[in-house]
C-alpha cells in the first residue's frame, strides 16, 4: 500500500507536538490531519481509506483512554496509537486491552513510531476488508425472501430437504426450489459456503432440537 493512500490523524492539545509530528509524517509521504481536541475529530465524517489515530492520553476534559471506546465505535477501521509524556505501565496495559495498537512515550522514538504506524495501517486494511466483506454478505442476505431466509437457517444446520420439508409442512420439491434460489442469490455452490456466510454474519441455524 502506498503511504499516500492512507491517512494519519493526530489528536493532541499541544500545538508544538501537532506540528512536529505532522511535519515528520508528511515528509515521510503520509497524508496527515491534525486536531487539538477529540471533540473536533469526532465531528469528522466519511473516512473511507486505511489510516490510524495518534491520540494523546492527557487531553483537556476526558482523557484519551476514556474516549477510546467512543472513537473506536465511530471509526472502527482506524486503530489507535496512544502517545503520552506521563503514562505508566498500568495505563498502557489498559489501553492495549481495549484494542490500542501501541502506547508510545514522549519524546517519541521515530523508529518505534513508524513501526507502530505500519502495524496500525496493516490492521486498518484488514478491518476495512472484513467490513467490506460483511457489507457484501449483508446485501446478499437481504435479497432472500422471508421463506428463503427461514430455509437458509435450516440448511446451515446440515438438515436434508425432506427433514426441512417435514418440519415446515411443505413439499420436498418446494424446499429444493428454495435452496436453488438461495444458492443463486448468495452466489454459493455448497452448504459449507452458506455456513461460512452465516458464521461471519452471526446467523444462527434452526434445528429440530431447538425449535
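Points to keep in mind about this one:
- Scope the range 170-209; condition over 30 Å from residue 131 (Cα atoms) and at pLDDT 95 or above; matching residues: 170, 171, 172, 173, 174, 175, 176, 177
- Number of positions in the range 196-208 that are under 21 Å from the mean Cα position of the chain (by Cα) and surrounded by 16 or more Cβ atoms within 10 Å (Cβ to Cβ): 3
- When the criteria are applied in full, residue 100 meets the requirement of being more than 23 Å from residue 15 (Cβ to Cβ), at pLDDT 75 or above and in contact with a strand residue (DSSP E or B) (Cβ under 6 Å, 6 or more places away or on another chain).
- Tally of residues being farther than 10 Å from residue 11 by Cβ and either surrounded by 12 or more Cβ atoms within 10 Å (Cβ to Cβ) or at pLDDT 85 or above (or both) across the range 40-61: 9
- Filtered residue count, the range 1-44, keeping only those that are assigned to a helix (DSSP H, G or I) and more than 17 Å from residue 68 (Cα to Cα): 16
The values are calculated or read from the model by the stated rules, or taken from the named source; none is laboratory data. In this text the structure is predicted, and so the values were computed from the model without any measurement. A quick note on method: Cβ atoms are made from the backbone with ideal geometry, for glycine too, and the neighbour counts reach across all protein chains shown.
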